[in-house]
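Report on the following structure.
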Number of protein chains: 2
Amino acid sequence: MQFTSESVEALVEQFAKLPTIGRKTARRLTAYILKMSREEVVGIAEALVAVKDNVTTCTVCYNVTDHVPCPICRAPRRDRSVLCVVEEPNDVLAIERTNEFDGLYHVLGGVISPLDGVGPEDLRVRELVQRVHDGHRDPLEEAEDAPAVAIREVILAMNPNVEGDTTSYYLGQLLEPFGVRVSRIARGLPIGGDLEFADEATLTRALEGRANL
Amino acid sequence: MQFTSESVEALVEQFAKLPTIGRKTARRLTAYILKMSREEVVGIAEALVAVKDNVTTCTVCYNVTDHVPCPICRAPRRDRSVLCVVEEPNDVLAIERTNEFDGLYHVLGGVISPLDGVGPEDLRVRELVQRVHDGHRDPLEEAEDAPAVAIREVILAMNPNVEGDTTSYYLGQLLEPFGVRVSRIARGLPIGGDLEFADEATLTRALEGRANL
């Protein structure tokens, strides 16, 4: 087997390093890049480096952002008394897409997973407790000593698996002394799903979580 | 819905432009990029631009290459009397991976497709005829007037679909006057495939193409 272009092979290697991209897809992407204009390709290259150069972590919610605090934490209209705890930045995006939540977020940075050696001290657990303790300052209040908005509910939105459940349980215990409501997003049949084909675990949760009509 | 980082969104947009990458995959890739080191990301960015800056088209076979003529056309040991005609550069790679072919290639740059407005004049058909007419010079021969190696077989390796068949038929007709053998790669059941689940067209071709044991 003979390669005819080291540059092409190098790019295939780079693409194949990324998750969900196998060698076949890497080759197809490279073939597409070859047909794009140089300006378009430079646009992709610059966007890649810009992400590393511009993106930082919000010091309030630990979401990714270009400006600290992030636009969500800065937004004057959002409900500062509700906090939604998620694992990763992409989960914030998923919840934002529903347009159903207007509180603030707290990005844990993972879940408790003893098998992977991840404990509460590796996550932003301490920071969560601090936020629940302190409440949030209203960004429209100019005065440094303006009273903070107290947090009245923490919604746990971990992924529905063992690690997510463990983390939710742990955080629930930890936040109990603060007297805030701690809730967890529902598990059940996905919309458009088929009861007949639902797995037992999901169906069990759907039955347990049944609500009055 | 609120975005928290324009840089992240810009990269998601760039990824989502690529084929086989939807918005969900684009978000997952961006999340992965965020966790990579800056050096690794710069490596990807540079590989992208390098492809546009270094890769050119071989003036003999029209494959992608960093140096003209390409390593396959330059290789002294390859059989210069057999030419394999393919649609795209990735097809060369696919055939090279078999380690079964040691002739040269000719990359057409597509297939005849009246519906897409692609005719023979949009492909490297004229160049193919010229190569079959001229034969190949041996790259080890220093002398300018060394006799060319005559082409004795042209293997058509178009994709097995209507456009590929049309193109093969057209090229077969076109090359007939040159008295070279023109063959076409076989169609039949894929190895590891299941006769029971093969579609009718493939099974028909497999029957038609049966060979003596």
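Readers should treat all values here as calculations from the given coordinates under stated rules, not as data from a laboratory. Computed from a predicted structure; not experimentally measured. Neighbour counts run over all protein chains shown; Cβ positions are idealised from the backbone, glycine included.
Just a few scattered comments:
- Axis proximity, chain A to B: residue whose C-beta lies nearest, plus whole-Å distance: A:ALA45, 2
- Degrees between helix A:89-98 axis and first principal axis of chain A (Cα, 0 to 90, nearest 10): 70
- Global geometry of chain B, whether rounded, prolate or oblate, following the gyration tensor of its Cα atoms and the 1.5 cut on a/c: oblate
- Tensor-based shape of the protein assembly as shown (alpha-carbon gyration tensor, a/c under 1.5 rounded, otherwise prolate or oblate): prolate
- A cut-off under 14 angstrom between Cβ atoms defines the neighbours of B:ASN54, and their net charge, with Lys, Arg +1 and Asp, Glu -1, is -3.
- Residue ranges A:53-59, A:82-88, B:202-208 sort as A:82-88, A:53-59, B:202-208 when ordered by packing (mean number of other C-beta atoms within 10 Å per residue, highest first).
- For chain B, modelled as a GNM whose springs connect Cα atoms under 10 angstrom apart, the maximal fluctuation among B:VAL42, B:VAL111, B:VAL132 occurs at B:VAL42.
- Label-point spacing at B:GLU39 relative to the other copies reads 3.5 nm, in ascending order, each point sitting 7 Å out from Cα along Cα→Cβ.
- Highest-fluctuation residue, B:GLU176, B:GLU121, B:GLU46 considered, GNM on chain B with Cα pairs under 10 Å: B:GLU46
- In chain A, the longest principal axis of the Cα atoms and the axis of helix A:125-134 are about 40 degrees apart.
- Compared with the alpha-carbon gap, the fully stretched path from B:VAL129 to B:THR166 is longer by 11.6 nm at 0.36 nm per residue.
- Shielding of peptide B:49-61 by partners, expressed as the average count of other chain Cβ atoms within 10 Å per residue Cβ, is 5.
- Prolate/oblate/rounded call for region B:6-54, Cα gyration tensor, a/c under 1.5 rounded: oblate
- Rounded to 0.05, the FRET efficiency of the A:ALA75 and A:PHE197 pair, given R0 = 56 Å and the Cβ-Cβ distance, is 0.90.
- The same position A:PHE197 in the other copies lies at 1.6 nm from this copy, comparing label points 7 Å beyond Cα toward the beta-carbon, shortest first.
- Virtual paramagnetic centre 7 Å along Cα→Cβ of A:SER183, amide N under 20 Å, in region A:48-84: A:78-84
- Helix A:23-35 vs. chain A, principal-axis angle (Cα, 0 to 90°, nearest 10): 70
- Shortest-first distances to equivalent copies, position A:VAL68, nm, label 7 Å out along Cβ: 5.2
- Comparing B:SER37, B:SER81, B:SER168 in a Gaussian network model of chain B, where Cα atoms under 10 Å apart are tied by springs, the biggest mean-square fluctuation is seen for B:SER37.
- With a Förster radius of 41 Å applied to the beta-carbon distance between B:SER37 and B:GLN173, the computed FRET efficiency rounds to 0.15.
- DSSP finds beta bridges in region B:20-176, and of those with both partners inside it, around 30 percent are antiparallel.
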